[in-house]
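Just below is one structure, and these are the notes that go with it.
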Amino acid sequence: MKFNPTPLAGAFVIDLEKRGDDRGFFARAFCTREFVQAGLIPAFVQVNNSSSASRGTLRGMHYQLAPHAETKVVRCIRGSLWDVILDLRAESPTFGRWFGAELSAENRRMMYVPKGFAHGFVTLTDDTEAFYFVDEFYAPQHERGVRWNDPRFAIQWPTTPTTISDKDRAHPDFDPAHHLGQGAAMREVGA
């Protein structure tokens, strides 16, 4: 695997290292040893599967608060999507910045999303399916979301979403006290 750093501290796009011949190719999609050598979290407790029927379906921007904050590895296994991560770690030098990359069944890229990041995507094709490997169990009481078009972050989506759940549409604009917890909010505003 090739671990390509993104402009956001601790986040990576992972490409497969294919070994091919006239039959096709072989590649390792995950290796605990390689993840550890790259300084990444190598243990996952849950694998989620997402399927979206229509192009323009938006899912996000989701995350969980500590102590149930999640590290995710996201891979598109059918179709194509624009995957977006947003650094919400108050102490991070890249706090408030976002990064996006196309993940598709064809390019087989994966996005490594560290704890403290919000994550979302918009589908670029009909019939798109993704897997998310996560290192924490779902904890609904710690679940949060940031509105996909919050002007504070100005995420540049490659297409205007046409299908958004009521829950995702209702995410509020960013408020440090709500989104980060009171202690982190105080650090974020410099108090």
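Only the coordinates and a few stated rules stand behind these numbers; no lab work does. Computed from a prediction, not measured in an experiment: that's the story for all the values here. Positions of Cβ are backbone-derived with ideal geometry, glycine not excepted, and every protein chain shown enters the neighbour counts.
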**Study point:** Taking region 1-150 and dividing mean pair separation by its residue count, relative contact order in percent (alpha carbons under 8 Å, at least six apart)
**Key:** 33 percent
Point to revise | Highest to lowest packing among 95-102, 160-167, scored as the average C-beta count within 10 Å | key: 95-102, 160-167
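In what sequence, highest mean first, do 68-77, 149-158, 114-123, 50-59 appear when ranked by Cβ atoms within 10 angstrom? Don't skip to the answer; put the middle values down first.
Details: 68-77: 21.6, 149-158: 14.1, 114-123: 24.5, 50-59: 17.6.
Result, highest mean first: 114-123, 68-77, 50-59, 149-158.
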Exercise for review: Return the aspartates and glutamates within reach of K115: Cα separation strictly under 18 angstrom, same-chain partners fewer than 8 residues apart disregarded; answer none if there are no such residues.
Suggested key: E70, D83, D87, E91, D135, E136, E143, E188
